[in-house]
Amino acid sequence: MNTVSLFQNLPQGDPLGFGLFSGGTFRPEKVRDFLDLSKEEVSRVANVSVKSVRFDDAIPAAVRERFEEIAVTCNLVAEVFDGDKEKTALWFRTKNPMLGDVSPRDMIRLRRFDRLRRFIIGALADNGMAPQAQAPA
């Protein structure tokens, strides 16, 4: 395994502005809004009760963790489109023949996010577009 493949699961930055890096405060509600997910869909994606879905200081850990994973993956895709939010959003909404004619957004809504993430990372690696992370010293 080469070093780059070990680190290809992280984007170089946060082009979608979710607050992932640079000392920012992660904003999971921005991920929800970007993907246009309902409260019921958030519940399903994070495997929590609909009644517990919230995006304030009492956000359930399961929601925060899952939305952080989703934010990272969305930013990986955004980097392919040079940070263009509109193109990235369109990619997530458009049916993809490589995903069985299901949109990436629907993959997330249908609780197939892990498969989608592997697909995206694999596609980036296959096309030589994986983030060029530096190996730890």
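Numerical summary
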quantity: Largest to smallest principal axis extent of the C-alpha atoms in region 65-121, angstrom; calculated: 27, 26, 17
quantity: More than 28 angstrom apart: percent of Cα pairs within the chain; calculated: 16
quantity: Sequence-distant lysines (8 or more away, or on other chains) whose Cα lies within less than 29 Å of Lys95; calculated: Lys30, Lys39, Lys85, Lys87
quantity: Relative contact order, percent, region 1-117 [alpha-carbon distance under 8 Å, six or more residues apart]; calculated: 26
quantity: Under-5 Å amide H pairs with Val102, H placed in peptide plane, nonlocal only; calculated: Asn96
quantity: Sequence ranges 114-124, 68-78, ranked by mean other-Cβ count within 10 angstrom, highest first; calculated: 68-78, 114-124
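Bear in mind these aren't lab numbers, they're just calculated from the coordinates by the rules spelled out. Note that the structure is a prediction, hence the values are computed from the model and not measured. Ideal geometry is used to build each Cβ from the backbone, glycine not excepted, and the neighbour counts take in all protein chains shown.
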